[in-house]
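The values are calculated or read from the model by the stated rules, or taken from the named source; none is laboratory data. What you see is a predicted model, and the numbers here were worked out from it, not measured in a lab. Counting neighbours? That spans all protein chains shown, and the Cβs are built from the backbone with ideal geometry, glycine included.
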Amino acid sequence: ANPDVWRDGGRNNTSSSSKTGGRIIGQNMLLKNKGGFSVGKANPYSSKCKHCKCALHQQGEYCSQCAYTRGLCAMCGKAIVDVSMHLMSTT
């Protein structure tokens, strides 16, 4: 096995100065990236129902109540059932 060769700017050191390129040992990685959800990362709670604007708990277009009363697929929003002659209430 070869020994670890030291080079200037190597990433295997523990000093936190930017000159050497090291990292802090024991740093909380969640607090390192400030702001929680940053641009470009997925936010699983950002999707909302197209009709009632409530938060969806899974990927989709409509919440289950709105999809049921309109006869739509909750995931894709396509019409599944013709509800023109049905009494579609959730109560």
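Scanning the range 69-91 for residues that are loosely packed, with under 10 Cβ neighbours inside 10 Å and not small (Gly, Ala, Ser) gives Lys78, Asp82, Met85, Leu87, Thr90, Thr91. Just one of the listed residues (Lys78, Lys32, Lys53) is modelled with pLDDT under 90 and among the charged types (D, E, K, R), and it is Lys32.
Taking Ser64, is it at pLDDT 90 or above and either out of contact with any strand residue (DSSP E or B) (no Cβ under 8 Å at 6 or more places or on another chain) or of a type in the set (Val, Ile, Thr) (or both)?
When the stated conditions are applied, Ser64 passes them.
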